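Colleague: Please read through the structure below; I'll follow up with questions.
Bear in mind these aren't lab numbers, they're just calculated from the coordinates by the rules spelled out. Note that this is a predicted model, so its numbers are computed, not measured. Cβ placement follows ideal geometry from the backbone for every residue including glycine, while neighbour counts extend to all protein chains displayed.
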């Protein structure tokens, strides 16, 4: 495989945080694959919570076949979303891994949901084009 073939293929299975944030409503099923305590700490609004270990057992009842699934975990230092993407792919779902995870979602100033409601932080100028 050439370098260009590799990177072209890689781009088919990854999605940028801002592309997820700006996706048409209902076009993606965003799945938080972290453990319960991490979900409780904060997650992407509208995301579905399925910890990686539970994907094979619960996904067929929760996510319609044919859905475009986007998985995320903590961030670039965590490969949890890679394991989750593999689990979805093995079930036959079209799946993409959100680059940067919730860390870069937060660093881009996007909203996070907790049991207390929604919150967001000031965008980090090192990772976002927001002004």
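Colleague: Top mean-square fluctuation among 82, 65, 52, Gaussian network model of the chain, C-alpha springs under 10 Å?
Modeller: With Cα springs under 10 Å in the chain, the top fluctuation among 82, 65, 52 is at 65.
Colleague: Can I ask one more? By how many nm would the segment from residue 54 to residue 99 lengthen if fully extended, with 0.36 nm per residue of separation less the alpha-carbon distance?
Modeller: Taking residue 54 through residue 99 to full extension adds about 14.0 nm, to one decimal.
Colleague: Add -39500 (n - 2.57) for each DSSP H run of 4 or more in the chain, then divide by its residues: what number comes out at 222 nm, to the nearest 500 deg cm²/dmol?
Modeller: -9000 deg cm²/dmol
Colleague: Based on the alpha carbons, how large is the Rg to Rh ratio for the chain when Rh follows Kirkwood?
Modeller: 0.97
Colleague: Considering the chain as a Gaussian network with a 10 Å cut-off on Cα pairs, which listed residue, 85, 57, 47, attains the greatest mean-square fluctuation?
Modeller: 57
Colleague: To the nearest Å, what is the center-to-center distance of region 1-76 and region 84-107, using C-alpha atoms only?
Modeller: Centre-to-centre distance over Cα atoms comes out at 3 Å.
Colleague: Further, regarding this structure: Label points 7 Å out from Cα along the Cβ direction at residue 6 and residue 35: separation in nm?
Modeller: 3.4 nm
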